[in-house]
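The structure under discussion appears below in the form of structure tokens.
Since every read-out is calculated from the coordinates, none of them should be taken as a lab result. Bear in mind that the values here come from a model prediction, so they are computed numbers and not experimental data. Note that we place each Cβ from the backbone using ideal geometry, even for glycine, and neighbour counts take in every protein chain shown.
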Amino acid sequence: MKKTKTMLTTLAVSVFMMCCALVAQGSANRTYVSSTGSDGNSVSDCQQTAPCRTFQTAIGQTNAGGQVIALDSTGYSGFSVNKSITIQGAPGQVAFIFVGGGFSGITVTGLSTDVIVLRNIFVDGLGVGSTTGLTFNGPSKLVVENCEFKSLTTASA
């Protein structure tokens, strides 16, 4: 009897943990960020009519293989990516990311099966010391299109 109860408890905990992992994977194929956005809009999946403010929040709401699109060219904070995704400025827009001292603008860490695309992004270290534009921790595939890295102490690591 005790053995059965322990097995059922273990099974229940396992199912709960798998459900939590699925929730963390994101729920939208396309999300948006904007200078007028709010990270509180994550409850509505950072949609175009209710964008998030930061890439990091939008990435969390985006399914693997999806897109995060910057609707305007404002200054955004840095972010980390750990799944297949495209991060881009909307057509005609360049997403500006400003990097503070001691930080990396974009950090990419993915599996060998992941493809991360960065498009229409401008990363600026503002001349501050100890700034890195892009930290790539492989083994994923990284595609960088129409991006510029400026005023950084390290362009990529």
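Taking the centroid of alpha carbons for each part, the stretch 93-150 and the stretch 32-81 are 16 Å apart.
Couplings 3J(HN,Hα) of the stretch 61-73, computed from phi: 8, 9, 5, 4, x, x, 10, 10, 10, 7, 7, 9, 9 Hz, in residue order, whole Hz [Karplus 6.51 cos²θ - 1.76 cosθ + 1.60, θ = phi - 60°; x for Gly and Pro]. Model label points for SER38 and ASN146, set 7 angstrom from Cα along the Cα-to-Cβ axis, are 3.1 nm apart. ARG119 sits among other residues whose Cβ lies under 15 Å from its own Cβ, and their net charge, with Lys and Arg +1 and Asp and Glu -1, is 0.
Which value in Å does the Kirkwood hydrodynamic radius of the stretch 39-157 take, with 1/r averaged over all unlike C-alpha pairs and then inverted?
Working: mean 1/r = 0.0705 Å⁻¹.
After inverting the pairwise mean of 1/r, the radius is 14.2 Å.
When ranked by the protection proxy of mean other Cβ atoms within 10 Å per residue, highest first, what sequence do the peptides 59-68, 75-84 form? Let's see the in-between values first.
Working: 59-68: 20.2, 75-84: 18.4.
The peptides rank, most packed first, as 59-68, 75-84.
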